[in-house]
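Since every read-out is calculated from the coordinates, none of them should be taken as a lab result. Since the structure is predicted, the reported quantities are computational estimates derived from the model, not experimental observations. A quick note on method: Cβ atoms are made from the backbone with ideal geometry, for glycine too, and the neighbour counts reach across all protein chains shown.
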Amino acid sequence: MTKRLSRDPQKEKAILKAAIAAFGVDGYRAGTDKIAAAANVSKGSVFRYFDSKQKLYVAAVHQAMATLTAVADLDVWTASDDLVSMIIRATKYKTELSHQYPHEFALLTRVYAHDEQVPEKLRTEAFSILNTWAQQAQSMIINQVVDKLSLRPELDKKLVKRFLSITIQEISRQIQSYFEQHPEIKRMEDMTEIVNQVKTYMDILEHGIVK
């Protein structure tokens, strides 16, 4: 019986790092030969550790998620006293984090967007990995935010949470775009334009659009 070769954690780590970068930049069409070269291992080593490109892709998604989960500070979302500061601070933090971990964000953005390069079954599996974590984190954040709000007694709290989640996601996308266009902005004091815009959104949220 052939003895199975022991795994080298450093090689495995190097392959995953290279895979995250390659899949983030080139999508699923990234070649395993390119990944092997970036990891400084043979192509055979890639398949010895991960069996197939599909398994390597799933492992890369898991690793990207694990990396960001380990460093992300959810207190940035939950420690704010009001929705305006929460959305601004959290989106700025997310933007900065994406600059620190560009390959992880690039890969997970492709997963979230249902990258059509990826075979359908694998695409569904990868999205499920990301979506499960995102739903759990979002639920925790929204729960804590809603607990700080003085809601009208007749409102269904579940619907309020769902509505807030949808609203915050869209506003956050707009703010992230603003930060990408203005990388020089670092302090809340310099964010008057976007803060005022978010305040207007929150005023509409709290008071409606009808007299």
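Observations, loosely collected:
- Per-residue Cβ neighbour rank within 10 angstrom, fewest leading, M202, M65: M202, M65
- Pairs of Cα atoms nearer than 8 Å and 6+ residues apart set the relative contact order; for the chain it is 22 percent.
- Relative contact order (%) - criterion: Cα under 8 Å, at least six apart; region: segment 42-112: 32
- Straight-line reach from K13: taking Cα to Cα under 30 Å and skipping same-chain neighbours fewer than 8 places apart, the lysines in range are K3, K34, K43, K53, K55, K92, K94, K121.
- Axial C-alpha extent at least 24 Å, average Kyte-Doolittle at least -1.0 - helices from the chain (DSSP): 9-26, 53-71, 83-100, 120-147, 157-181
- Electrostatic bookkeeping for A59 treats Lys and Arg as +1 and Asp and Glu as -1; over the other residues with beta carbon under 14 Å from its beta carbon, the sum is +3.
- Over the chain, DSSP H runs of length four or greater, each weighted -39,500 (n - 2.57), average out per residue to a 222 nm ellipticity of -24000 deg cm²/dmol.
- Positive minus negative residues near Y201 (Lys, Arg vs Asp, Glu; Cβ under 13 Å): -2
- Working value for segment 98-179: equivalent-ellipsoid semi-axes of 29, 17, 11 Å, each the square root of 5 times a Cα gyration tensor eigenvalue, largest first.
- Ranked by the mean number of other Cβ atoms within 10 Å per residue, highest first, peptides 17-23, 80-86 order as 17-23, 80-86.
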